Amino acid sequence: MLATDHFISSLLGQYDWLLRILVASFLGFMIGLNRTHKHKPAGVKTYMYVTAASALITIVSIQSVTLYAGMREHTMMDPMRLAAQIVTGLGFIGAGVILKNGVKVVGLTSAAMIFFSGGIGIGIGAGFYTLIVFALIVTSIFVRIGEWIEKRGEKRGGRDRDKREEESEVSEAE
């Protein structure tokens, strides 16, 4: 854990768990706002629940080791075992939003964002605030760049298509 993240955890003590749930819910809400604004099937509630549930399961998984590992001799517990199962559940949810209609596939970005939101929740649940905020900033920047490139490509594609149609009309007229 980074020093700042450890400082936050030590400062808040047991209330750090509550902050983790709050931060995960807020970040999921913010991701969901973007998708709701774009009228996508998964929105604010979906992303908020994914991040909050992922954080909750991660916290329970980590804290369970502390509480139950010493109960029986030779008991081994992996603090990230439950958190690892989140990934399986996210794959299931993501598969549900991917639809194929002929050659067109929709929902891939929503599925990827659900997977990413789960990662956000796991990271916050484990207390990696700095890493998660950095990941959100970086992905947000690249999403904006990607959207700008896609829009530019659509404009250029439209102009190229218009030019081809004009050339076709000219050759038909001759």
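The values are calculated or read from the model by the stated rules, or taken from the named source; none is laboratory data. Since the model is a prediction, treat every value here as computed from it, not as a measurement. Using ideal geometry, Cβ is built from the backbone for each residue, glycine included, and neighbour counts are taken over all protein chains shown.
Of all residues in the range 60-87, those being part of a helix (DSSP H, G or I) and either within 12 Å of the chain's Cα centre (by Cα) or acidic (D, E) (or both) number 1.
Go through (1) assigned to a helix (DSSP H, G or I); (2) touching a Gly at 6+ places or on another chain (Cβ under 8 Å); (3) modelled with pLDDT of 75 or more and name the single condition A42 misses. If we test A42 against (1) assigned to a helix (DSSP H, G or I); (2) touching a Gly at 6+ places or on another chain (Cβ under 8 Å); (3) modelled with pLDDT of 75 or more, just (1) comes out false. Against the conditions (1) touching a helix residue (DSSP H, G or I) at 6+ places or on another chain (Cβ under 6 Å); (2) modelled with pLDDT under 90; (3) part of a helix (DSSP H, G or I), I57 satisfies every one except (2). A residue that is among the charged types (D, E, K, R), in contact (Cβ under 8 Å) with a residue 60 or more places away in the chain and either assigned to a helix (DSSP H, G or I) or surrounded by fewer than 17 Cβ atoms within 10 Å (Cβ to Cβ) (or both) occurs somewhere in the range 11-21.
Take the residues in the range 32-47 that are basic (K, R) and either surrounded by 14 or more Cβ atoms within 10 Å (Cβ to Cβ) or in contact with a Lys or Arg (Cβ under 9 Å, 6 or more places away or on another chain) (or both), then tell me which one is farthest from G107 (Cα to Cα). Looking at the filtered set, the residue picked out is R35.
Of the residues in the range 51-61, at least one is without any contact (Cβ under 8 Å) to a residue 40 or more places away in the chain and surrounded by fewer than 22 Cβ atoms within 10 Å (Cβ to Cβ). Only one residue in L56, L33 is of a type in the set (A, V, I, L, M, F, W, C) and more than 15 Å from the chain's Cα centre (by Cα), so which one is that? Selected residue: L56, the only one of L56, L33 that is of a type in the set (A, V, I, L, M, F, W, C) and more than 15 Å from the chain's Cα centre (by Cα).
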